[in-house]
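The structure under discussion appears below in the form of structure tokens.
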Amino acid sequence: MKDFEVRGVRRNGRVEYAVYNGSTNERESGFYTGRPLAESYCDTLNRDKKKREATTKRKCMCCGNTFLSEGIHNRLCRNCGHNGLGKEMIDPCTLQR
Ligand SMILES: [Zn+2]
């Protein structure tokens, strides 16, 4: 899988820059008049891509659902990680009607 890259494109008589997917040749951004703007967006996309490639599928220790883990420290799915802890502290019988 190739990285995203900035390409210059001639539009309306001037050169503008856009970010392209090096693998699919699809355009991933709008057109920028300045190359640095396109490059900073391109960097963001490439960073995100590396992050995605570093994630692995893991089974949640709480509910058993498979989820995309950010690393060995990440053992709870998004749902349980945010809402799971302390859930058992809330007794539904004490909730007011
Ligand atoms: Zn879970």
Return a yes/no flag: does region 17-39 have any residue that is without any contact (Cβ under 8 Å) to a residue 24 or more places away in the chain, surrounded by 11 or more Cβ atoms within 10 Å (Cβ to Cβ), away from the ligand (no atom under 16 Å from the Cβ) and within 14 Å of the chain's Cα centre (by Cα).
no
Read through the list (1) modelled with pLDDT under 90; (2) within 11 Å of the ligand (Cβ to nearest atom), then give the number of the only condition that R58 fails.
(1)
Give just the number: which of (1) part of a strand (DSSP E or B); (2) basic (K, R); (3) away from the ligand (no atom under 16 Å from the Cβ); (4) modelled with pLDDT under 95 does R97 not satisfy?
(1)
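The values are calculated or read from the model by the stated rules, or taken from the named source; none is laboratory data. Remember, it's a predicted structure, so these values are computed and weren't measured experimentally. Backbone-built Cβ (ideal geometry, glycine too); neighbour counts: all protein chains shown.
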